[in-house]
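The structure appears below as structure tokens.
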Amino acid sequence: MQITTQALDNLFTGYKASFKKGFEGAPSHWQKVAMKVTSSTRQETYAWLGQFPKMREWLGDRVINRLKTTGMIVINKNFEDTVAVPKNDIEDDVYGTYSPLMEEMGLTAAELPDELVFSMLVRGFTTLCYDGQPFFAPEHLVGEGAFARSVANMHLITEDNIDNPAWFLLDTSRAVRPLIFQERRPPNFVSKDDERDDNVFFRKEYIYGVDSRGDAALGFWQLAWGSKQPLSAASYEEARVAMQSHVGDEGRPLGVKPTLLVVGPALESAAKKLIGTVTLENGESNPWYNSVEVLVTPWARAA
């Protein structure tokens with residue numbers, strides 16, 4: 001191919017179309033578990049996480065739920081993926097062999113929110129949330145004075161289960177979610193293919209890349225249960241009961257309803273057997289049949 005400005009523009013258009021094909025065709029599940037927050041600055045402060053919304057009877061003056069003076073801060077991170085295409089390959093008309101690579105670049109760009117969100121969920125056993133406790137903790141302090149109580153949102157981790165794969169029961173039916181995906185800038189596909197660019201002038205390479213900014217964070221712990229217990233009917237029932245028993249600062253039920261069971265590949269069989277089987281091995285009806293949706297993701301596993 002004769003390398004001209006128009007030819008390079010056409011090449012970029014073709015590569016961008018391949019990138020778009022991969023990006024739009026990638027499976028994505030983060031929207032099921034995370035609320036999207038569009039960021040407009042270097043970082044965002046989530047002071048409102050300490051206030052779980054709840055209606056009350058209006059008697060006398062309104063009760064104003066004031067935001068905390070300090071909140072969880074999420075700093076946007078930079079992400080990129082870049083490839084080089086040799087100038088000689090363009091001249092020799094083998095540039096088409098790079099189209100699948102551009103498509104794969106689009107796919108991985110689309111997968112990034114899933115990776116960030118579900119990896120954050122796994123790290124919830126050690127990562128602190130807005131109340132200063134790990135997101136999954138045996139003791140979250142709820143309420144004050146006569147309403148003060150300690151609430152768990154996890155099964156205890158012991159020497160017997162510490163190395164087990166984790167599973168997560170979530171309520172994803174609300175506007176607020178257990179996790180947050182913070183987007184500062186969506187993925188942008190660009191090129192450096194001017195003859196005067198250093199990469200072309202010195203190394204005879206055309207550069208194509210994608211970059212974005214954002215991060216994932218932990219949201220409302222009340223909407224999530226984490227466990228490393230074996231995934232069984234008994235442990236699943238215990239998690240459901242505990243979640244649906246959550247109350248707010250004034251002791252009123254929060255109305256939490258588990259809707260999604262998230263597992264990694266190691267627990268796919270156990271999860272589908274527990275939730276997708278009509279009849280138990282003893283012949284009795286399975287009370288948990290289709291009680292929640294099962295989501296299997298490769299990102300829901302320990303690193």
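Results, tabulated for the structure shown:
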| read-out | value |
| --- | --- |
| From the options 231, 274, 267, 295, residue that is over 30 Å from residue 12 (Cβ atoms), of a type outside the set (Gly, Ala, Ser) and in a strand (DSSP E or B) | 295 |
| In the stretch 27-52, residue surrounded by the most Cβ atoms within 10 Å (Cβ to Cβ) [restricted to those that are touching a Gly at 6+ places or on another chain (Cβ under 8 Å), under 27 Å from residue 294 (Cβ atoms) and modelled with pLDDT of 85 or more] | 34 |
| So residue 173, is it out of contact with any Asp or Glu (no Cβ under 8 Å at 6 or more places or on another chain) and either under 19 Å from residue 81 (Cα atoms) or part of a helix (DSSP H, G or I) (or both) | no |
| When residues of the stretch 221-241 are limited to those that are farther than 23 Å from residue 163 by Cβ and surrounded by fewer than 23 Cβ atoms within 10 Å (Cβ to Cβ), the one nearest to the chain's Cα centre (by Cα) | 222 |
| Test for residue 200: is it β-branched (Val, Ile, Thr), buried (at least 19 other Cβ atoms within 10 Å of the Cβ) and either under 30 Å from residue 23 (Cα atoms) or touching a helix residue (DSSP H, G or I) at 6+ places or on another chain (Cβ under 8 Å) (or both) | no |
| Pairs where the first residue, in the stretch 8-34, is closer than 30 Å to residue 93 by Cβ and the second is polar (S, T, N, Q), C-beta under 6 Å, 6+ apart | 12/191; 18/99 |
| Criterion (more than 27 Å from residue 141 (Cα to Cα) and not hydroxyl-bearing (Ser, Thr, Tyr)) met by exactly one of 228, 192 | 192 |
| Near pairs, Cβ below 6 angstrom, 6+ apart or cross-chain, from the stretch 66-90 (farther than 27 Å from residue 109 by Cα) to any residue that is among the hydroxyl-bearing types (Ser, Thr, Tyr) and at pLDDT 95 or above | none |
| Qualifying position, being over 30 Å from residue 268 (Cβ atoms) and in contact (Cβ under 8 Å) with a residue 60 or more places away in the chain, among 212, 191 | 191 |
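The values are calculated or read from the model by the stated rules, or taken from the named source; none is laboratory data. Predicted, not measured: the structure shown is a model, and the values here were computed from it. Glycine gets a Cβ as well: all are built from the backbone with ideal geometry, and neighbour counts include every protein chain shown.
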